[in-house]
Amino acid sequence: VPWAFLGVFLVVAGVVAAGTWLRIRNQKQTALRAWESRLASVADDRARLVSSWLNERKADAEVLADLPSVRKLLSQPARTDRSRPLPPPNRQIAPLLDRFTTVYGYSNLSVVDSEGHALLRATRSPDLSAREGEIVKKVMESGTFQVDMVGSGTKDSLLAFGIPVFSLRNLEKDRREA
């Protein structure tokens, strides 16, 4: 008889242990699914934030690109003597570029002609790097807004934006062709 009790005890203990193991495994899987769902939700939220931020920067670039003074600047013949002061409309754009760089923390804000020369840039903007020149080239070739990383390391990497600006001359030509 004692062996029967021991056998029943072992069977019951085995059933309880198996039930406990299954319960723990199910709870672990439920917790993992919940965390995966949370992480996916956070990733989706971050992606929406980045997308919204990029759309805001694009809108800022479009506002600057649509300024009549910027279009007029791009409609003027190329300046060969860059040491001469800028004409008056350009002096009005420069403070606006400076304001944008200050408010948004841009490291460089430039108005670039179709040949890749900076016609006008914010006061503290450095000369365009070779990589930024490539972005200008992409914008000119595609005629669309471009975003790309500039820099090689984690500390010196920047996000660069480029948007095409169609000069008044190009707009008038497009209207005549339409």
Here are Leu109, Leu67, Leu74: which of them is modelled with pLDDT under 85 and in contact with a Ser or Thr (Cβ under 7 Å, 6 or more places away or on another chain)? Leu74
Per the filter on the stretch 118-161, residues more than 14 Å from the chain's Cα centre (by Cα), under 22 Å from Ala94 (Cα atoms) and open to solvent by 50 Å² or more (accessible area, probe 1.4 Å) are Arg121, Thr123, Arg124, Pro126, Asp127, Leu128
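This table checks each residue for (1) touching a Gly at 6+ places or on another chain (Cβ under 9 Å); (2) at pLDDT 85 or above; (3) more than 16 Å from Leu64 (Cβ to Cβ).
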position: Asp81; (1), (2), (3): no, no, yes
position: Asn90; (1), (2), (3): no, no, no
position: Ile93; (1), (2), (3): no, no, no
position: Val103; (1), (2), (3): no, yes, no
position: Asp113; (1), (2), (3): no, no, no
position: Gly116; (1), (2), (3): yes, no, yes
position: Arg121; (1), (2), (3): no, no, no
position: Leu128; (1), (2), (3): yes, no, yes
position: Glu132; (1), (2), (3): yes, no, yes
Give me the pairs: first residue in the stretch 49-61 and at negative phi, second residue assigned to a helix (DSSP H, G or I) and open to solvent by 80 Å² or more (accessible area, probe 1.4 Å), beta-carbon distance under 9 Å, and six or more apart or on different chains, which are they? Arg57/Tyr104; Asp60/Tyr104
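The values are calculated or read from the model by the stated rules, or taken from the named source; none is laboratory data. In this text, all values refer to a predicted model and were calculated from it rather than measured experimentally. Please note: Cβ atoms are built from the backbone with ideal geometry, for glycine as well, and neighbour counts cover all protein chains shown. Areas reflect the complete protein model, heavy atoms only, side chains present, ligands, DNA and RNA absent. Shrake-Rupley method; radii C 1.70, N 1.55, O 1.52, S 1.80 Å.
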